[in-house]
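Undergrad: So that we are looking at the same thing, I have put the structure below in structure tokens.
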Amino acid sequence: MAAEKLAQAAESLGHEIKVETQGSIGAENVLSDNDVKDADGVIIAADKDVDRSRFVGKRVLAVGVAEGIHHPERLIERVRTAPVHSGDGDGPRTSEAGGAGGRERSVAYKALMNGVSYMIPFVVAGGLLIAISLALGGHANPEGGLVIPDGSFWKHVNDIGVVGFTLMVPVLSGYIAYAIGDRPALVPGMIGGWIANTGSLYDSKAGAGFIGAIVTGFLAGYLVLWIKKVRVPKSVQPIMPVIVIPIVATTVLGLFFIYVIGRPISWVFTHLTDLLGGMTGSSAVLLGAVLGLMIAFDMGGPVNKTAFLFGAGLIASGNQTVMGMCAAAIPVMPLGQGLATLIRKRLYSEQERETGVAALFMGLFGISEGAIPFAAARPAQVIPANMLGGAVAGAVAGLTGLTDAVPHGGPIVAVLGAVGGVPAFFLAVAAGSVVTALATVALVDVAERWKDGAAAVPSQVREPAPSQEPEPEPALAGVGAAAASRTGAGAAAPVTATADADGADEREVLSGYLTAQTVKARLEAVDKEAAIREMAELAARTGRVADVDELVRVALAREAQGTTGLGEEIAIPHAKTDAVTSPVVAFARSAEGIDWGSLDGTRAKLVFMISVPEAAAGDEHLRILALLSRKLMDADFRARLLGAGDGAGVLGVLGEIP
């Protein structure tokens, strides 16, 4: 999406652009050395680390993917004044803000996403192989769950899948560490992740799972960064990244996890088991909800394993209802997350949607780990949604008294005849999955709105030669973003001036879209909604607004999708509607400022409102927005606009807009 938006914006603004994408299938449309050489600037719109060593000596603007999707034209203008990348501290871990207003993701976020992106293939490959082997080679056995005969072809397929699943946790940890501390951090990160996932190393019946892997990944990365700062003799420096750092970091991290972190995990496992034992005589609905919460919390970690082993252990004593509660909750997480990617596709990347399809398949076979990539990428949204759905499934299972005779979960156990009360089982699974999906969509949507909006796209720009017929502008090259070229030198914008019979000032700016009629030196409104209505009435003075109420409605609907407060005391609300007959731009100032929800927390004092008919919602709308954004990046221009006296003075300053 970022690639498409940036390419469209560049074309509409008259720039040539080349975009390199780095998605789940690797880099496509890769920028050549000549592309980079001819570029005037690079835009990197990415939520994971991007190697910038190719762009030394070029202007580099680095922001998050959401900026590339929602504000491509603004990025194309900002790259002209972005700082030149010097290459100091170069590598995947470097970070450049690229100018005020950029919202490049934090190092921690990008490190987490780096680990998740490398983990996903292991989850999908391992999970699907296990699911296929269970479906085609497994059978229900009251004493051993879903059993695949030893030595059979499908047993070997299952073993391969188990290897993939075993590796996914250390891979997550290792590549989180790598994104922070570079290659020396990869070994301690992976070994730390393996230790975290192997409970027997610290006297626990269950490992710490993916949550433990995230902890070890960050610990390894930052530990390596700290060790790098230690000054050593020059004779030792060559062996530091290959021998000293990996050995020291791995030893310290491993022992720290075993002796410090591992003990609380073992304690949690033991005491949760005691807690569940004390609840067996209580309400079945309450016990089911608690088991569902635990199953959904960490998907393979100590909390999940406590609930699962508790249910499995009671099967031998003849109590199959507890395992029935667990079995209903086990598939809810992957089914719910997969369903969420189908309900609101726009909230997910292509890779996440592909993972969602695989998660649906894994959920059918009771492989809860299919939801781990989603939980690792968005823990604050996904884990609560998973727990809510798991609690619903467990409670319904407890209410209906369904049973499960094998220590496994998911629809497959019902198909193989191990479940007592099949209709109730499917009702519980369906209810929990739908609740998880809807809760996830709601929470992710809220989070995206807060972020003003997410595969990486690069780009390059150069300005035309000063001739009567400018030569085509080479594309801007980069990684993780799309870029655009610079326009020619900025002489002051043409401003026409005429006088009517009464001598009124009729100067026009922005091709006549902004005139004295649409300028107001002081807004009376004190809130956003009132300000938009006042601006709409201001635009209506031109006779180009057929329906003020409809214009206000459309502008407010746009605000509901994400604030148009740009920061720096600027807001540019806009509306595309046939309530206006031709493009019109209104401008007003607010002395006290209006709370516009800007990300930098400033109140909007300079408010422009762009209103265009649907037919002009493409090129013309983007052109107006780009011209305004470019000029408003100039702090001196903003200061003069705020300080201009009356309407004529304001219009005189606005006349500088190209």
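Undergrad: Using the structure shown, decide if residue 69 is of a type in the set (Val, Ile, Thr), open to solvent by less than 60 Å² (accessible area, probe 1.4 Å), modelled with pLDDT under 75 and within 25 Å of residue 633 (Cα to Cα).
TA: yes
Undergrad: Can you pull out the residues in the range 148-164 that are at pLDDT below 85 and buried (at least 16 other Cβ atoms within 10 Å of the Cβ)?
TA: Scanning the range 148-164 gives a single hit, 148.
Undergrad: So residue 56 passes all but one of these: (1) open to solvent by 30 Å² or more (accessible area, probe 1.4 Å); (2) at pLDDT 75 or above; (3) touching a helix residue (DSSP H, G or I) at 6+ places or on another chain (Cβ under 7 Å). Which condition number does it fail?
TA: Unmet for residue 56, out of (1) open to solvent by 30 Å² or more (accessible area, probe 1.4 Å); (2) at pLDDT 75 or above; (3) touching a helix residue (DSSP H, G or I) at 6+ places or on another chain (Cβ under 7 Å): (3).
Undergrad: Show me the helices (runs of 4 or more DSSP H) found entirely inside the range 228-333 where at least 3 residues are farther than 18 Å from residue 413 by Cβ, more than 31 Å from the chain's Cα centre (by Cα) and β-branched (Val, Ile, Thr).
TA: 245-256, 262-279
Undergrad: Return the only residue of 582, 598 being under 23 Å from residue 516 (Cβ atoms), open to solvent by 10 Å² or more (accessible area, probe 1.4 Å) and assigned to a loop (DSSP other than H, G, I, E, B).
TA: Values: 598 fails: under 23 Å from residue 516 (Cβ atoms).
Within the list 582, 598, the selection yields 582.
Undergrad: Can you name the number of the only condition in (1) surrounded by fewer than 20 Cβ atoms within 10 Å (Cβ to Cβ); (2) within 20 Å of residue 512 (Cβ to Cβ) that residue 539 fails?
TA: (1)
Undergrad: I would also like to ask the following. Taking residue 352, is it at pLDDT below 85, open to solvent by 10 Å² or more (accessible area, probe 1.4 Å) and closer than 19 Å to residue 211 by Cβ?
TA: Criteria not met by residue 352.
Residues are listed down the side, and each one gets a yes or a no for (1) at pLDDT 85 or above; (2) open to solvent by 10 Å² or more (accessible area, probe 1.4 Å); (3) under 30 Å from residue 635 (Cβ atoms):
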site	(1), (2), (3)
561	no, yes, yes
570	yes, no, yes
592	yes, yes, yes
617	no, yes, no
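Undergrad: When the residues of the range 250-281 are narrowed to those that are among the small types (Gly, Ala, Ser) and more than 25 Å from residue 218 (Cβ to Cβ), which ends up modelled with the lowest pLDDT?
TA: The qualifying residue modelled with the lowest pLDDT is 281.
Undergrad: Next question. So which of 555, 588, 626 ends up being in a strand (DSSP E or B) and buried (at least 17 other Cβ atoms within 10 Å of the Cβ)?
TA: Criteria check complete, one pass: 588.
Undergrad: From 515, 577, 498, grab the single residue that is over 16 Å from residue 653 (Cα atoms) and modelled with pLDDT under 85.
TA: Only one candidate passes the filter, namely 498.
Undergrad: Looking at (1) touching a helix residue (DSSP H, G or I) at 6+ places or on another chain (Cβ under 6 Å); (2) within 26 Å of residue 67 (Cα to Cα); (3) in a helix (DSSP H, G or I), can you tell me which one residue 611 breaks?
TA: (3)
Undergrad: Restricting attention to the range 14-29, and to residues there that are modelled with pLDDT of 75 or more and of a type in the set (A, V, I, L, M), which single residue is least open to solvent (accessible area, probe 1.4 Å)?
TA: 19
Undergrad: Next question, about the same structure. Pairs needed: first member in the range 187-202, closer than 16 Å to residue 252 by Cβ; second member anywhere, among the charged types (D, E, K, R) and modelled with pLDDT under 90; C-beta distance under 7 Å; at least 6 residues apart or different chains.
TA: 202/263
Undergrad: Among the residues of the range 440-459, are any at pLDDT 90 or above, in contact with a Gly (Cβ under 9 Å, 6 or more places away or on another chain), open to solvent by less than 10 Å² (accessible area, probe 1.4 Å) and not aliphatic (A, V, I, L, M)? Show your work before the answer.
TA: Of the range 440-459, the ones at pLDDT 90 or above are 440-443.
Next, only the ones that are in contact with a Gly (Cβ under 9 Å, 6 or more places away or on another chain) stay: 440.
Then drop every residue that is not open to solvent by less than 10 Å² (accessible area, probe 1.4 Å), which leaves 440.
If we keep only those that are not aliphatic (A, V, I, L, M) too, we end up with 440.
Yes, that holds for at least one residue.
Undergrad: Return a yes/no flag: does the range 180-203 have any residue that is small (Gly, Ala, Ser) and surrounded by fewer than 23 Cβ atoms within 10 Å (Cβ to Cβ). Steps first, answer last, please.
TA: Going residue by residue through the range 180-203, those that are small (Gly, Ala, Ser) are 181, 185, 189, 192-193, 196, 199-200.
Going one step further and asking which of them are surrounded by fewer than 23 Cβ atoms within 10 Å (Cβ to Cβ), we end up with 199-200.
Yes, because at least one residue in the range 180-203 is small (Gly, Ala, Ser) and surrounded by fewer than 23 Cβ atoms within 10 Å (Cβ to Cβ).
Undergrad: Collect the residues in the range 392-405 that are outside any helix (DSSP H, G or I) and either surrounded by 24 or more Cβ atoms within 10 Å (Cβ to Cβ) or in contact with a His (Cβ under 6 Å, 6 or more places away or on another chain) (or both), keeping them in residue-number order.
TA: Scanning the range 392-405 gives 402, 404.
Matching residues to (1) small (Gly, Ala, Ser); (2) at pLDDT below 85:
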| site | (1), (2) |
| --- | --- |
| 168 | no, no |
| 173 | yes, no |
| 184 | no, no |
| 187 | no, no |
| 195 | no, no |
| 200 | yes, yes |
| 203 | no, yes |
| 209 | yes, yes |
| 215 | no, no |
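The values are calculated or read from the model by the stated rules, or taken from the named source; none is laboratory data. This is a predicted model, so every value here is computed, not measured. Reconstructed Cβ throughout: ideal geometry from the backbone, glycine too, with neighbour counts over all protein chains shown. Please note that ligands, DNA and RNA were not included when accessible areas were found on the heavy atoms of the full protein model with its side chains. Shrake-Rupley method; radii C 1.70, N 1.55, O 1.52, S 1.80 Å.
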